[in-house]
Amino acid sequence: MHRGLFIAIVSFLFIFICSCDNDVNGGKHEFNGVQKGDTAVRTLLVYMMAENSLGVNFDSLDIKEVAEAAVDVPSDCRLFVFVDDESHPRILQFYNIDGEGANETLHPFADDICSSDTASLGATLRFLLDDYPTRSLDIVLWSHGDGWLPGKHAAPMRSVGIDNGWNGFSNISESVIEMDELATMLENLPVKVNRLMFDACFMQCVEVAYALRNAVEWIIASPAEIPGNGAPYNTVVGAFFASDGVEEILECYKAAYEGEYMGVVLSAAYMPAMQQLADITYAPVCNYFNINKKRDYIDVFAYLPGGVRTASWTMPCFYDANAVMKKYLSASEYAIWSEALSKAVPHLVTTGEWYSSYKGRVLPVDTLSFGGISMYMPQTSSYNVALNDAFSRTEWYRAAGWEMAGW
C-alpha cells in the first residue's frame, strides 16, 4: 500500500470513529428508525467516485435524486452515499422521517483519499458495517468503467473508477478498482452482497461476472456505454428497497430513457449460474474459436463496433456473447448454450438503441441477437495483441476454454 494512501485511510478511520451524528432534518422530527449499532434489514451504499469528468455536475444531480428518494427508505433500512468529488470525501445518510426526506453528513473526511482504490472502498464498507450492521447489503459503484480491462495503464485501460487525486475533471488516473481485488474484498465482508449495480460503462461482461461469481448474488449493469446522467436515483433507490429482486430496478432505469436519444441497455446477471455458463462455453470455444480458426466477427452485434484504437491505447469491440454463439454454433449446440445463458442473464431490458460517445452516434440494438452481456473474442490481428495478453490474465480465459484453444 502506498504511504499516502495509508495515511489517508488512517485519517479516515480517525474521522469515522470520532465524528458525531448531526441533528437530522434540522430537528423538525425525531428519527425513530433503526439506530446506530442495531442491525438493519437492508442497507444500500451508493459509492460515487467522481473526481473525474463526471464530477462536473453529474454527481450533484444524482445526490439530489437520492435526496428525493429518501422518503422511500423503510424505517428498518439504511441508505448511505459516499461521494468523492472536488470537495473532500464525505459519507451522507438519507432517511424517511414521518414521510419527509432527510439527510445528514454522517462522516466528513479531513483529507482527500483515493476513492478508486479497493482499499478505500473496503475501509468504507467495513467501518459502515461495524457501526451499522445489516442483514442484506446492496452496493452501487458510480464512475467511469471499462469492463474487464486491466488498470494501472494509460487511460482508458481500467476496470471501474477514476480518481485524479487532485480534484480535477480529467479522466487520467492510474488508480482503479480491478475485478480480482474487488472480488477478494467483497468475499471477506461480514455479509454477502445481494445486488451490485455498476453505474458505469461496459461492466456487464462475462469476464467481470465470472470474477465476481462468489462475491455477490446479482450484478446489474450495462454491456454498453451508459448515459452521462446515469441511473434515475429518484426511482431506482425505491426499487432497491421494495424487494430482493432485480426486475423493478431494471425497469425503473429503462423508463427514465424511454423516448430519449441517449437510450440505455441493461441486464441483470445471476452469479450462481456463471460457473455453469463457463463450463458449457468451454467446448464451443475449443471447437469453433481456437487459434487456428479464421474469424473476423465483422457482422456480429457488438457494443463498441470496431473497437477503439489510437497510438497509445485500444479498446475491444465488446461483442454480445449471445450474438457470437448464435452465429457460429450448430443449432443443437446453441440450444444448450443459450439455456445456460438464460440462467446466467435472466433479465435484460433495452430502449432499442443507445448513444455511444466513443462513436459519436446512436447505435441500434440487434434485438434478435441481444443477450445482455458482452464477451471478448481474441484475434490474431496486431490490434488485438495487447488485448489478448490482458484477456489471458482473466479467470474467464481459463474457465471458458480460451487457454486450451491456443490463445
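Figures for the structure shown
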| read-out | value |
| --- | --- |
| Cβ pairs under 7 Å, 6+ apart, first in the range 293-311 and over 14 Å from Asn384 (Cβ atoms), second of a type in the set (Lys, Arg) and open to solvent by 90 Å² or more (accessible area, probe 1.4 Å) | Val300/Lys327 |
| Selection within the range 56-90 - open to solvent by 50 Å² or more (accessible area, probe 1.4 Å), of a type outside the set (Val, Ile, Thr), over 24 Å from Asp111 (Cβ atoms) and without any contact (Cβ under 8 Å) to a residue 60 or more places away in the chain | Asn57, Lys64, Ser75, Asp76 |
| Flag for Asp320 being open to solvent by 30 Å² or more (accessible area, probe 1.4 Å) and either within 27 Å of the chain's Cα centre (by Cα) or not small (Gly, Ala, Ser) (or both) | no |
| Counted residues, the range 91-103 - those being open to solvent by 10 Å² or more (accessible area, probe 1.4 Å) and farther than 23 Å from Asp163 by Cβ | 7 |
| The range 222-274, residues that are out of contact with any helix residue (DSSP H, G or I) (no Cβ under 8 Å at 6 or more places or on another chain), of a type outside the set (D, E, K, R) and open to solvent by less than 10 Å² (accessible area, probe 1.4 Å) | Ser222, Pro223, Ala224, Pro227, Val246, Leu250, Gly263, Val265 |
| Long-range neighbours under 8 Å by Cβ, at least six apart or interchain, first residue more than 18 Å from Cys77 (Cα to Cα) and among the charged types (D, E, K, R) within the range 244-257, second in a loop (DSSP other than H, G, I, E, B) and modelled with pLDDT of 95 or more | Lys254/Val264; Lys254/Thr351 |
| Residue under evaluation Met377, criteria (1) in contact (Cβ under 8 Å) with a residue 40 or more places away in the chain; (2) of a type in the set (A, V, I, L, M); (3) surrounded by fewer than 20 Cβ atoms within 10 Å (Cβ to Cβ); (4) farther than 30 Å from Ala255 by Cβ, criterion not met | (3) |
| The range 328-370: number of residues that are closer than 30 Å to Met262 by Cβ and not β-branched (Val, Ile, Thr) | 23 |
| Residue that is surrounded by the most Cβ atoms within 10 Å (Cβ to Cβ), among those in the range 38-52 that are among the hydroxyl-bearing types (Ser, Thr, Tyr) and over 12 Å from Asp62 (Cα atoms) | Thr43 |
| Some residue of the range 302-309 being β-branched (Val, Ile, Thr) and crowded, with 21+ Cβ neighbours inside 10 Å | no |
| Complete set of residues in the range 174-189 that are at pLDDT 95 or above and either surrounded by fewer than 21 Cβ atoms within 10 Å (Cβ to Cβ) or of a type in the set (Lys, Arg) (or both) | Ala183, Thr184, Met185, Glu187, Asn188, Leu189 |
| Residue list for the range 341-352, filter: over 15 Å from Gln204 (Cα atoms) and surrounded by 19 or more Cβ atoms within 10 Å (Cβ to Cβ) | Thr351 |
| All positions within the range 108-136 that are of a type in the set (Ser, Thr, Tyr) and out of contact with any Asp or Glu (no Cβ under 8 Å at 6 or more places or on another chain) | Ser120, Thr124, Tyr132, Thr134 |
| Number of the exception - Ser53 against (1) modelled with pLDDT of 90 or more; (2) out of contact with any strand residue (DSSP E or B) (no Cβ under 7 Å at 6 or more places or on another chain) | (1) |
| Any helices (runs of 4 or more DSSP H) falling wholly within the range 177-283 and containing at least 3 residues that are acidic (Asp, Glu) | 179-187, 247-255 |
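The values are calculated or read from the model by the stated rules, or taken from the named source; none is laboratory data. Just so it is clear, the model here is predicted, and its values are computed rather than measured. Cβ atoms come from the backbone with ideal geometry, glycine included; neighbour counts cover every protein chain shown. Quick note on the areas: whole protein, heavy atoms, side chains included, nothing else; ligands and nucleic acids left out. Shrake-Rupley method; radii C 1.70, N 1.55, O 1.52, S 1.80 Å.
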